[in-house]
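First the structure, in the form of structure tokens, and then the observations on it.
The values are calculated or read from the model by the stated rules, or taken from the named source; none is laboratory data. Note that the coordinates shown come from a computational prediction; the quantities given were computed from them, not determined experimentally. Using ideal geometry, Cβ is built from the backbone for each residue, glycine included, and neighbour counts are taken over all protein chains shown. Side chains included, ligands, DNA and RNA excluded: accessible areas come from the protein's heavy atoms. Shrake-Rupley method; radii C 1.70, N 1.55, O 1.52, S 1.80 Å.
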Amino acid sequence: MSPFTSHHLTGTVCVLLASLLWGTTGTAATFAPEVGPLAIGAVAMGAGGLLQALAAAPSIRRESENLRAQSGIVLLGALAVAAYPLAFYSSMHLAGVATGTVVSIGSAPLASALIERTADGHRLTPRWMAGAALGLTGTALLCAAKATDASKGTESATGTVLGVCLGLIAGGTYALYSWTAHRLINKGIASPAAMGTIFGTGGVLLLPILLTTGAPLLTSWPNAAVGAYMALIPMFLGYVLFGRGLTHIPASTATTLSLLEPAVAALLAVLLLNEHLPTLAWTGIALVVACLATLTTTNPAPQQTPTPTPTLDTL
């Protein structure tokens, strides 16, 4: 296996593992119904981000000069980190776990492509476009299936629309902080330092939200357990894996691979929450799997590598 292929495989596996962990967050939040979406988002990303900063403290100290030189990128990423969980968990609260996850994660690849195209001059390759088309079609079918089920119930149409809008904001901020982390790593800053600084600063920004809304987290052991799980497993461990993945693959590829998350969320809703998925939703999941297969299949390494043109696909 060539070094290029080995690096790509490592990055892909790390991002897919992170996506599996993230796919559990919506189901986990349902076990603490007294805790509002702002508190869930603040404890998950806020506490998780501070833990990342603590774990990466030695690396951050070593890279402090380089990080100061990129303070604008760090601040941009931290603002995106702080905005993302508030929009994401509010989207799930208003539009439902499946729809909120699908819209948030499903819109991220397009936002990521736009950011990289605008900021870095990367071009879209046929394989990336094919994979993104499959994944976005799959997430759209999942969303349509949820909307059809919701129309049969008593959910508010206004709430669903607002939830979808917040999901789009979540997708944009997810793409933005992924890009900023990848940008710092490309500047030669170690992944733990880049991720720890961005997420730690974002965690500090989320502390006022947590202090204002987080009281229900302390009212019962189940609520506290959900908060601890969200901070330690999907957010801390998940983003450590995601940061390592970003050292090997571009942010646009990483966000597209994250389309595994809504499929995992939907499956967990069926298995643990006894939700029903119609045929349309299963078709969407199949297309997401096809997207992942398209993006994770590597090409044989060329004998000679010409001067590359930046692309959104390093496969």
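If you scan the stretch 145-174, which residues turn out to be under 12 Å from G106 (Cα atoms) and either at pLDDT 85 or above or outside any helix (DSSP H, G or I) (or both)?
Of the residues in the stretch 145-174, the ones under 12 Å from G106 (Cα atoms) are 164, 167-172, 174.
Within the stretch 145-174, G167, L168, I169, A170, G171, G172, Y174 qualify.
In the stretch 217-251, how many residues are under 12 Å from the mean Cα position of the chain (by Cα) and over 19 Å from I189 (Cα atoms)?
3
Quick check, is A98 over 24 Å from A194 (Cα atoms) and open to solvent by less than 30 Å² (accessible area, probe 1.4 Å)? Break it down into steps so the answer makes sense when it comes.
On the way: over 24 Å from A194 (Cα atoms): yes; open to solvent by less than 30 Å² (accessible area, probe 1.4 Å): yes.
Yes: the conditions hold for A98.
Among the residues of the stretch 110-142, which ones are open to solvent by less than 30 Å² (accessible area, probe 1.4 Å) and of a type outside the set (S, T, N, Q)? Break it down into steps so the answer makes sense when it comes.
Going residue by residue through the stretch 110-142, those that are open to solvent by less than 30 Å² (accessible area, probe 1.4 Å) are 111-113, 116, 125, 128, 131-132, 135, 138-139, 142.
Within the stretch 110-142, A111, A113, E116, W128, G131, A132, G135, G138, L142 meet the criteria.
I need the helices (runs of 4 or more DSSP H) fully contained in the stretch 179-289, keeping only those with at least 3 residues that are surrounded by fewer than 24 Cβ atoms within 10 Å (Cβ to Cβ).
The qualifying helices (runs of 4 or more DSSP H) are 191-213, 221-230, 238-246, 260-273.
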